[in-house]
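Heads up: the structure comes next, in structure tokens.
The values are calculated or read from the model by the stated rules, or taken from the named source; none is laboratory data. Keep in mind it's a predicted model, so treat the numbers as computed, not measured. Accessible surface is based on the protein model in full, side chains and every heavy atom, while ligands, DNA and RNA are left aside. Shrake-Rupley method; radii C 1.70, N 1.55, O 1.52, S 1.80 Å.
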Amino acid sequence: MFVNNYTNRNHGKYVFSQLVEFLPQRVFDRFEKKYDGNKKVRHFTCWNQLLYMIIDQLSSRDSLKDLIYAFDS
């Protein structure tokens, strides 16, 4: 009997991208602009920090620094 090894592969979006779809980025951008959140930022914007913090919560990391080191290694 032929067994299809590809049945368990993801054919849609990842869970994280599905969660991010629920976040209203326009509303977040409006608050960021109101409080000048990205004033002296070069690369790591407020939106990126929010996404990292969501990953941090989902993966039960202790800190944002711990999460960044986990992705670098």
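Numbers below:
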quantity	calculated
Potential extension, F16-S63 segment - 0.36 nm per residue separation minus Cα distance	15.1 nm
Accessible-area ranking of L23, L51, largest first, probe 1.4 Å	L23, L51
